[in-house]
Amino acid sequence: MDDGEIREILDQLLVRHNLPAETIAQIIRRSEGVPVFATEFAQLAQHGQGPEAGVELPATLQELLLARIDALGPVKELAWD
């Protein structure tokens with residue numbers, strides 16, 4: 001998807017969250033046009049894991065997936081089996 005289409009998805013997802021324009025730009029850039037990754041980045045940012053909370057968004061899709069697995073807590077071991 002192009003950047004405009006990803007922005008439309010983010011606008012719908014983030015209707016109640018006022019993320020800074022720079023955070024949204026980072027999400028668009030890092031999602032590389034893949035809607036599911038844009039959604040995952042947006043969820044991280046919504047839950048206080050974005051630049052506005054002093055936490056850098058993962059730089060790559062691989063780091064994003066690892067961050068989501070780490071957030072599983074004790075059950076994350078199941079993801080590695």
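The values are calculated or read from the model by the stated rules, or taken from the named source; none is laboratory data. These numbers were taken from a predicted model, which means no experiment stands behind them. Cβ sites come from the backbone with ideal geometry, for glycine too, and all protein chains shown count toward neighbours. Keep in mind that these areas ignore ligands, DNA and RNA; they rest on the heavy atoms of the full protein, side chains included. Shrake-Rupley method; radii C 1.70, N 1.55, O 1.52, S 1.80 Å.
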Residue pairs, Cβ under 9 Å, 6 or more apart or interchain, first in region 4-19 and in contact (Cβ under 8 Å) with a residue 60 or more places away in the chain, second open to solvent by 100 Å² or more (accessible area, probe 1.4 Å). List them.
none
Filter region 34-49 down to the residues that are of a type in the set (Val, Ile, Thr), surrounded by 13 or more Cβ atoms within 10 Å (Cβ to Cβ) and either assigned to a loop (DSSP other than H, G, I, E, B) or without any contact (Cβ under 8 Å) to a residue 12 or more places away in the chain (or both) and list them by number.
Val34
From the set of residues in region 1-33 that are outside any helix (DSSP H, G or I) and open to solvent by less than 50 Å² (accessible area, probe 1.4 Å), which is nearest to Gln62 (Cα to Cα)?
Gly33
